[in-house]
Amino acid sequence: MLTALETSIFDSIAGLPLHPLVVHFVVVLLPVAALGLILEIIAPKLADRYGWLTILVLAVGTAAAFVSQQAGEALALRVGEPQLHATLGRMLPWAAAALFVVAVIWLPLHRRAYKTLEHRSGASTATGILAAVLALIVVALTVFVAHQGATAAWAKVMVPAPPTVSATPVPSPTPSETPSTSPTPSTTASAAGFTMAEVAQHAGASSCWTVVNAQVYDVTDWINRHPGGADKILGLCGKDGTSAFQTQHNGQADPESELSQFLIGPLR
């Protein structure tokens, strides 16, 4: 039986996530239309020439914003939900829709005023100001949503390379200085495994251990890099996170691959 995710028309197209495909229309069309509308409100002659074209571009961008928001929800079921990106992303389509409605009201009022009065009327001025304010909100929201989405997608990839340090020759130790070959305490602990009592001692942001499928992971470095937000990781610190992990990511290769790099030993 297919899951809701598998039957969602917003999940993927040709095997690729739909969200990153559609979002490019949003980040281009909405700011272009919103800024164009502001220019037309300031310069009436531009509205006479390009007013309806701007509204058409705004309509396409608004539709793309709604599709992108739904596709983002579907993608979040697979990779987790970046909280701020998701919150702003749910607001953007409605802000764009409000701008579209006001723009459709403003343009006929503007044209009628200049045709009969040869200057702005009170109604066209009021709707023009409202449209300009909404246009600025749409541009700002688009920038913030795009930035948060890019951060969630690329922050963990674009990690600065560590500086190269040339090795300094070290004198060979004398027989009396030869180090012992016995394992260090951390090596011994890793081989023998960890108890839940030991895991529970690492229950904060400064040191966060968790258990998934009887394996212990030190996910401290993943807290601020997790696409779904730091709170999702902090909620697993010092406890068995198997149920939460499987509920969110069961059967998904990418989250399991990400988790594997933080393995420090088995649970005993």
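The values are calculated or read from the model by the stated rules, or taken from the named source; none is laboratory data. Predicted model, so just to flag it, every value in this text is computed and none were measured. Positions of Cβ are generated from backbone atoms using ideal geometry, with glycine treated the same way; all protein chains shown enter the neighbour counts.
If the condition is being more than 30 Å from ASP48 (Cα to Cα), free of Cβ contacts under 8 Å to residues at least 60 places away in the same chain and small (Gly, Ala, Ser), then region 121-152 contributes only ALA150. Every condition in (1) of a type outside the set (Asp, Glu); (2) closer than 19 Å to LEU136 by Cα; (3) modelled with pLDDT of 90 or more holds for ARG49 except the one numbered (2). Could you go through region 131-138 and let me know if any residue there is over 30 Å from THR62 (Cβ atoms), at pLDDT 90 or above and in a helix (DSSP H, G or I). No, that holds for no residue.
Out of THR174, THR164, THR116, report the one residue that is within 30 Å of HIS226 (Cα to Cα), among the hydroxyl-bearing types (Ser, Thr, Tyr), at pLDDT below 90 and loosely packed, with under 14 Cβ neighbours inside 10 Å.
Unique residue meeting the criteria: THR164.
Just the residues that are hydroxyl-bearing (Ser, Thr, Tyr), part of a helix (DSSP H, G or I) and in contact with a strand residue (DSSP E or B) (Cβ under 9 Å, 6 or more places away or on another chain), please, taken from region 207-243. Once the filter is applied, which keeps residues that are hydroxyl-bearing (Ser, Thr, Tyr), part of a helix (DSSP H, G or I) and in contact with a strand residue (DSSP E or B) (Cβ under 9 Å, 6 or more places away or on another chain), region 207-243 yields THR220, THR242.
All conditions in (1) over 22 Å from the mean Cα position of the chain (by Cα); (2) at pLDDT 60 or above; (3) of a type in the set (Val, Ile, Thr) hold for THR7, with the sole exception of (2). In region 15-46, of all residues being among the hydrophobic types (A, V, I, L, M, F, W, C) and outside any helix (DSSP H, G or I), the one that is modelled with the highest pLDDT corresponds to ALA43.
ALA123 meets the stated requirement of being surrounded by fewer than 20 Cβ atoms within 10 Å (Cβ to Cβ) and farther than 24 Å from GLN70 by Cα.
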